[in-house]
Amino acid sequence: MISSKWLSTCPAISRSMFTILTGAQFGDEGKGKIIDLLAENYDIIARFQGGDNAGHTVVVAGKKYKLHLVPSGAIFGRRLLIGPGVVLNPRVLWNEIQTLESEGIRVDLGIDPKTTVIMPYHIELDSLREKARVEKIGTTNRGIGFAYVDKIAREEVQVGDLTDPALLEAKLDEIAPAKEKAITDMGGDPNVVRYAPYIDEYLEIGKKLKDRISDVSREINIALLEEKSVLAEGAQGAFLDVIHGTQKFVTSSSTIAGSACTNLGVGPTMVDNVVGVVKAYITRVGEGPMPTELLDSMGEQMREKGAEYGTTTGRARRCGWFDAVLGLKSIYLNSYTELALTKLDVLTGIDPIKVCVSYDLDGQIIGYPPESTADLGRCKPVYEESAGWTEDITEVEEYDDLPGNARDYVEKLEDLLGVEIRAVSVGPGREQTIFRDLDED
Ligand code: GTP
Ligand code: IMP
Ligand code: MG
């Protein structure tokens, strides 16, 4: 079994009870696939931030599952949790549950009652605001940013409110006037705030979700005390983090490993292991600096071969060479104990392969990204080259059977980042994963 192999070659994971997994770049690193693989070894998979802006793709036995809210451990039938740091569109969640169940997958899901609900007025505000921006962010228009604004402003509707019509009505009475004014001021239709059909639909979904309500922090802590294992599933990636990312071109949640503790209500002393998922090159959806972006035919080749089109919006992803300077910052932000490298197969046939090892910022060579987004936007990549390979690697099962140049590339990234790459993904399928027994290397 593939993931048992991971278990036996991955001492940190086999020891661990609480593992956090996050994206180490700009999202879409292939977290969905890696979480699906790991899920076999965990009792609980818990999503801790973001909303349906995320799109995880899991491919099992040739069948593709696109998940936005239901944690990627779903396909293994594990206990799934959505923590209160998530912003949740009930309509999207309910559709996803129904789709999975119609395919015979049992969705054993618990949702924290404090989870923020994305209301239609959040989506309206998101799109009005983006239209008004001279310099766009490239939001997915799912209402994510405005739902988090309301959480921080303490003006949110929570999942628990959907299970009781009186509670929801009282909340809306309090919140509606300010929302109606904001939408009117931005030139939108204020009637969206109290639009009866959506309120009825949300309450209907609330009834169906009632039995799935769970105090997520309590459930996870009890599970850990009972020596069960928990995998915290991140969405997006380090440089979309609202605190440490490339503001303003970020999402509205904290995407890095520490966020899992805060958002799930588990203290940092419980964390055993932090897995980072990195793509063998880099992609970004939406606006914002990306020093190694390739605007030429090489970028186009990566996009086509890697099928780099957004799972949520279908937008073309910007592609570029691996950026080890950003990579280093991601290691600092997340304190990874190990890495999974994805999409190595996409680089087959490219020679030479470049890796960005430092930046030239206004004539100065730097090895760590500047804090200022504007400065990052002016950084010019300094590359080192590695020799490529031409052999098809999509069916390789053992690390030693990879072409020498492919192994050299993996080990070069490992050296630059200073963290062990314990798994190498060579295709979207579960079985297309090579586990490295580093103790024998
Ligand atoms: P976000 O939470 O949105 O950041 O997404 P994600 O990290 O789960 O990644 P997403 O599923 O959006 O994109 C990764 C894509 O690459 C999916 O279509 C996967 O099926 C595919 N994929 C994953 N690993 C590999 C691999 O090793 N090789 C190839 N060719 N495709 C892969
Ligand atoms: P928002 O989170 O929808 O507001 O989008 C803010 C920025 O984050 C935009 O540039 C999006 O393209 C990007 N973004 C949000 N979610 C994802 C994701 O799951 N993968 C990659 N980029 C994302
Ligand atoms: Mg994605």
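The values are calculated or read from the model by the stated rules, or taken from the named source; none is laboratory data. Please read these numbers as outputs of a predicted model, since none were measured by experiment. Neighbour counts are summed over all protein chains in view; Cβ atoms, including those assigned to glycine, are modelled from backbone coordinates with ideal geometry. SASA here: full protein model, heavy atoms, side chains in, ligands and nucleic acids out. Shrake-Rupley method; radii C 1.70, N 1.55, O 1.52, S 1.80 Å.
When Met17, Met119 are checked against the criterion of being of a type in the set (A, V, I, L, M) and closer than 25 Å to Glu227 by Cβ, a single residue qualifies: Met17.
Just to check your reading of the model, which residue among Glu398, Glu371 is of a type in the set (D, E, K, R) and within 30 Å of Gly427 (Cα to Cα)?
Glu398
Put simply, of Glu397, Glu431 the only residue that is part of a loop (DSSP other than H, G, I, E, B) and in contact (Cβ under 8 Å) with a residue 60 or more places away in the chain is Glu431.
With respect to (1) in contact with a Ser or Thr (Cβ under 7 Å, 6 or more places away or on another chain); (2) within 16 Å of ligand 1 (Cβ to nearest atom), the lone exception for Gly245 is condition (1). Restricting the stretch 31-47 to residues that are within 16 Å of ligand 3 (Cβ to nearest atom) and within 18 Å of Asp108 (Cβ to Cβ) leaves a set whose member that is modelled with the highest pLDDT is Arg47. On the stretch given as the stretch 296-320, residues that are of a type in the set (A, V, I, L, M), under 20 Å from Lys31 (Cβ atoms) and away from ligand 3 (no atom under 14 Å from the Cβ) total 1. Among residues of the stretch 175-189 that are closer than 18 Å to Lys131 by Cα, those with a beta-carbon under 7 Å from a residue that is small (Gly, Ala, Ser) at least six positions away or on a different chain give the pairs Met186/Ala132. Just to be sure before I move on: is Leu100 crowded, with 16+ Cβ neighbours inside 10 Å, away from ligand 3 (no atom under 16 Å from the Cβ) and more than 28 Å from Asp215 (Cβ to Cβ) in the structure I sent? No.
Looking only at the stretch 269-304, which residues are on the phi > 0 side of the Ramachandran plot and either in contact with a Phe, Trp or Tyr (Cβ under 6 Å, 6 or more places away or on another chain) or of a type in the set (Ser, Thr, Tyr) (or both)?
Restricting attention to the stretch 269-304, the residues satisfying the condition of being on the phi > 0 side of the Ramachandran plot are 286, 288.
Gly288 - this is the single residue of the stretch 269-304 that is on the phi > 0 side of the Ramachandran plot and either in contact with a Phe, Trp or Tyr (Cβ under 6 Å, 6 or more places away or on another chain) or of a type in the set (Ser, Thr, Tyr) (or both).
Tell me, please, whether a residue that is over 14 Å from Gly23 (Cβ atoms), over 19 Å from the mean Cα position of the chain (by Cα) and more than 15 Å from ligand 1 (Cβ to nearest atom) can be found in the stretch 300-319. Yes, there is a match, as at least one residue in the stretch 300-319 is over 14 Å from Gly23 (Cβ atoms), over 19 Å from the mean Cα position of the chain (by Cα) and more than 15 Å from ligand 1 (Cβ to nearest atom). The residues on offer are Leu203, Leu168, Leu209, and the sole one that is in contact with a Leu (Cβ under 8 Å, 6 or more places away or on another chain) and open to solvent by 30 Å² or more (accessible area, probe 1.4 Å) is Leu203. For the stretch 49-94, the tally of residues that are polar (S, T, N, Q) and open to solvent by 30 Å² or more (accessible area, probe 1.4 Å) stands at 1.
Please tell me if Val242 is under 17 Å from Thr373 (Cβ atoms), modelled with pLDDT of 95 or more and among the hydrophobic types (A, V, I, L, M, F, W, C). I'd like the intermediate steps shown before the answer.
Details: under 17 Å from Thr373 (Cβ atoms): yes; modelled with pLDDT of 95 or more: yes; among the hydrophobic types (A, V, I, L, M, F, W, C): yes.
Answer is yes for this residue.
Of note, Arg422 does not satisfy the criterion of being of a type in the set (Lys, Arg) and either within 15 Å of Ala324 (Cβ to Cβ) or open to solvent by 60 Å² or more (accessible area, probe 1.4 Å) (or both).
Restricting the stretch 132-165 to residues that are open to solvent by less than 20 Å² (accessible area, probe 1.4 Å) and β-branched (Val, Ile, Thr) leaves a set whose member that is nearest to Asn53 (Cα to Cα) is Ile144. Can you report the number of residues in the stretch 48-80 which are in contact with a helix residue (DSSP H, G or I) (Cβ under 9 Å, 6 or more places away or on another chain), in a strand (DSSP E or B) and near ligand 1 (Cβ under 10 Å from one of its atoms)? The number of residues fulfilling the criteria is 8.
Which is closer than 30 Å to Asn53 by Cβ, within 16 Å of ligand 1 (Cβ to nearest atom) and in contact (Cβ under 8 Å) with a residue 40 or more places away in the chain, of Thr373, Thr337, Thr342? Don't jump to the end; show me each part of the working.
Working: Thr373 fails: within 16 Å of ligand 1 (Cβ to nearest atom); Thr337 fails: within 16 Å of ligand 1 (Cβ to nearest atom).
Checking each option against the conditions leaves just Thr342.
Of the residues making up the stretch 253-277, those that are open to solvent by 10 Å² or more (accessible area, probe 1.4 Å) and either away from ligand 2 (no atom under 16 Å from the Cβ) or β-branched (Val, Ile, Thr) (or both) are Ile256, Gly258, Cys261, Thr262, Gly265, Gly267, Pro268, Thr269, Met270, Val271, Asp272, Val274.
All conditions but one from (1) under 25 Å from Leu361 (Cβ atoms); (2) free of Cβ contacts under 8 Å to residues at least 40 places away in the same chain; (3) of a type in the set (Lys, Arg) apply to Lys248; the one that does not is (2).
Within the stretch 244-297, can you find the residues that are assigned to a helix (DSSP H, G or I) and farther than 30 Å from Glu219 by Cβ?
So in the stretch 244-297, the residues assigned to a helix (DSSP H, G or I) come out as 257-264, 268-270, 297.
Residue satisfying the conditions is Ser297 alone.
When each of Val250, Val230 is tested for being crowded, with 23+ Cβ neighbours inside 10 Å, more than 16 Å from ligand 1 (Cβ to nearest atom) and at pLDDT 95 or above, the lone residue that passes is Val230. Take the conditions (1) part of a loop (DSSP other than H, G, I, E, B); (2) within 16 Å of ligand 2 (Cβ to nearest atom); (3) within 18 Å of Ala280 (Cβ to Cβ); Cys319 misses just one of them, which is (1).
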